[in-house]
Amino acid sequence: MQHQKLGLGQHLKFSPQQIQLMKLLQVPAANLEQRIKEELENNPALEESVADDELENNNNEAELIQEPENEGAGGEEKTDDEPVPEEIKPEEELDMSEYYDEDDEGVAEYKISDPSSFYDPDDEKKTIPVAVASTFREYLESQMMETGLEGRHSQLALFLIGSLDDDGYLRRSLDEIVDDLSFRQNLFTDEQELLFVLGKLQMLDPAGVGARSLQECLLLQLRRKENPCIHTEIAIRILENHFDLFAKKHYTKLEEIFDINSTKLKNVLSEITRLNPKPGGTFYTSETAMSVIPDFILTNDNGELTISLTAANAPELRISNHFKEMVSTYKKSSVKSKDQKEAILFLKQKIDSAKWFIDAIQSRYHTMLKVMNCILNIQYPYLSTGDEMQLKPMVLKDIAAHTGLDISTVSRVTNSKYVQTEYGTISLKFFFSEKLSTDTGEEVSTKEVKKILTDLINTEEKSNPISDQRLTEIMNQLGYNVARRTVAKYREQLNTPVARLRKVLQ
């Protein structure tokens, strides 16, 4: 049964301008130029600002190629028989004062080279170099002739190469690949045939490519050594039959099994540790050659730190002069037709969209500078010294409280953004950390605790690593109130294994 009722409620709805600003805040410097180019292509009312001398040259060229009107025998003279355009009623008249200004001489209303912005017009525009190199998979395909595979087997090999991950491993099971080949390429095979082709693939360079596990990857490299020795043979036997003992570093048991002393075992382990666990990871590709483009630049002028936005190749923007001239013509026209009214409505829509985009770009720069300057004020001790021990505890809520911005806005500004300092290019996420209280009640950053843990582990005796319990005791003696589980959590976040797996034979 349907019925009607009257209700009162509140709803939050974002305007198109707000949505556009939120999207622009998420765009890093590396992608900003492309985003502006897309808007220039989609909106003819938006254009790049050109220098005055270039604009003058363009005008002179236009005058030279312009044909004279109503002159000579070939020109057509205007007559009074042309139809008079349909007049628009006064109440339908459009107010164009917002879109046209007699004093406007076409100077860009918005320029990225504004002093409050990030770009110095005297700076040379730089382009981002793009590395050109063959990819890892292309390198493997170029070696296919050496395998002797042809026809059907060549197709299978190409499919296996395409199934490798960036480290050079074949992570998928062969039965899954068999199903994929039948469904996607109508190529029917079985695991035995794939094993034959995979064996040929594993003969390619770099050694270890096409392995299905770390154990197989290391064995492939050891078996391809040109001058194997007794240590190599023992290393192969360890990986084949006692890989679990090797992974868990049960060295005493390995010495008993192979009846060798610690010195000989150390030489055997050295054969293994020199191998490459990621044969595809070290291959030079255009993807890995991508460099980080900082969004901010931190300048240290005799101890005074200042923040500026990087230029990249972002062009200057303004409303199209051609659109302004059309608006001016419409405004000055005493008689306006219905077609002219529809055209001017289109112009208004595009000019509004261009203004919104320019305003959004401006708001983006001001918001980003506001957030980054707040981070600078809080983390000034670290940014002036580069000492991680000087990092202050800081979360998104702190920046939002100081700037008056919403937490979601701060998150968008800091996500995937970098600042260039004299100590390197740093992600903005690096500056954020939780707080921890010391014995004296002082609040310190958890990054400070992690830095101390890293120093303790790096300076420990490798033959007798420090356990988590001992690390906890040392941290407590230094005045940091941390529990053992907290130390274990921070150690895992630092990608540091437990003490037993850090042990090294001397």
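Where only protein heavy atoms count, and the probe is 1.4 Å, what is the accessible area per residue for the range 321-380 in Å²?
Details: 2900 Å² over 60 residues.
On a per-residue basis, 48 Å².
Over 23 Å between C-alpha atoms is what I'm after, so list which of Lys225/Lys503; Lys253/Lys462; Lys37/Lys324; Lys355/Lys417; Lys249/Lys450 land there. Mind dumping the intermediate values first?
Values: Lys225/Lys503 27 Å; Lys253/Lys462 19 Å; Lys37/Lys324 21 Å; Lys355/Lys417 26 Å; Lys249/Lys450 25 Å.
Over 23 Å apart, Cα to Cα: Lys225/Lys503; Lys355/Lys417; Lys249/Lys450.
Where the accessible area of the range 166-275 is counted over protein heavy atoms with a 1.4 Å probe, how much of it, in %, is carbon and sulfur?
Working: 2860 of 6150 Å².
Exposed carbon and sulfur together represent 47 percent of the surface.
Give the accessible surface of the range 187-302 per residue, rounded to a whole number of Å², with probe radius 1.4 Å and ligands, DNA and RNA excluded. All intermediate terms of the calculation are to be shown ahead of the outcome.
Details: 6480 Å² over 116 residues.
Ligands and nucleic acids excluded, the result is 56 Å² per residue.
At 1.4 Å probe size, with the rest of the protein present, what percent of the exposed accessible area of the range 353-503 is carbon and sulfur atoms?
Of the solvent-accessible surface of the range 353-503, carbon and sulfur hold 46 percent.
Can you pull the accessible area of Glu442 for me, 1.4 Å probe, Å² to the nearest 10?
100
Between Ile297 and Glu460, how many nm apart are label points set 7 Å from Cα along the C-beta direction?
About 4.4 nm, to one decimal.
With a Förster radius of 60 Å, plug the Cβ-Cβ distance of Leu6 and Asn377 into 1/(1 + (r/R0)^6) and report the FRET value to the nearest 0.05.
Working: r = 51 Å, r/R0 = 0.85.
For Leu6 and Asn377, the calculated efficiency is 0.70.
Counting only the heavy atoms of the protein chains, how much of Ser337 is accessible to a 1.4 Å probe, in Å² to the nearest 10?
Accessible area of Ser337: about 20 Å².
At 1.4 Å probe size, what's the solvent-accessible area of Ser213? Round to the nearest 10 Å².
50
The values are calculated or read from the model by the stated rules, or taken from the named source; none is laboratory data. Not measured: the values here are computed from a predicted model. Positions of Cβ are generated from backbone atoms using ideal geometry, with glycine treated the same way; all protein chains shown enter the neighbour counts. The area values use the complete protein model at the heavy-atom level, side chains included, leaving out ligands, DNA and RNA. Shrake-Rupley method; radii C 1.70, N 1.55, O 1.52, S 1.80 Å.
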